[in-house]
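A short write-up of the structure that comes next.
Laboratory data are not the source of any read-out in this text; all were calculated from the coordinates shown. Keep in mind the model is a prediction, meaning the values are calculated, not measured. Cβ: placed from backbone, ideal geometry, glycine included. Neighbour counts: every protein chain shown.
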Amino acid sequence: MRLISGTYSEDDALQVLADLHGGGNPLDELVVLEYEEIKQQVYFERTEGAKSYVDLLIGGNPRRVMLGMSLQMWSQLCGMNIMMYYIVYVFEGAGLTGRRSNLIADVRLSPMSRFICC
């Protein structure tokens with residue numbers, strides 16, 4: 001929807017939203033609210049947002065960008081994403097299933113990933 005609103009006509013964007021959320025009715029309350037919100041966000045990004053990737057390296061941003069890139073790199077290199085993906089299957093094999101296994105995986109592995117990888 002944001003792509004359509006930003007590059008094509010606003011009428012097309014409104015029709016897409018109407019088809020998705022309003023049963024084809026562009027005057028549906030949810031459709032109108034979401035349409036206005038997206039229009040405001042697109043306008044804000046055009047006027048205030050970064051225009052290119054070079055803008056990420058201006059001002060105080062290079063430090064933040066490098067920090068984010070290095071955190072992602074070390075997360076990948078230490079294999080934490082593999083552990084987070086397969087731990088549910090490990091718990092199922094141990095007899096823990098459903099919401100309980102997901103909760104245990106989240107509670108146990110989130111702090112552990114911060115400790116191991118950072």
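Remarks
- Residue check, residue 51 among the basic types (Lys, Arg) and surrounded by 15 or more Cβ atoms within 10 Å (Cβ to Cβ): no
- Residue list for the stretch 23-46, filter: among the small types (Gly, Ala, Ser) and within 11 Å of residue 10 (Cβ to Cβ): none
- Test: residue 36 is of a type in the set (Asp, Glu), surrounded by 10 or more Cβ atoms within 10 Å (Cβ to Cβ), part of a helix (DSSP H, G or I) and within 20 Å of the chain's Cα centre (by Cα): no
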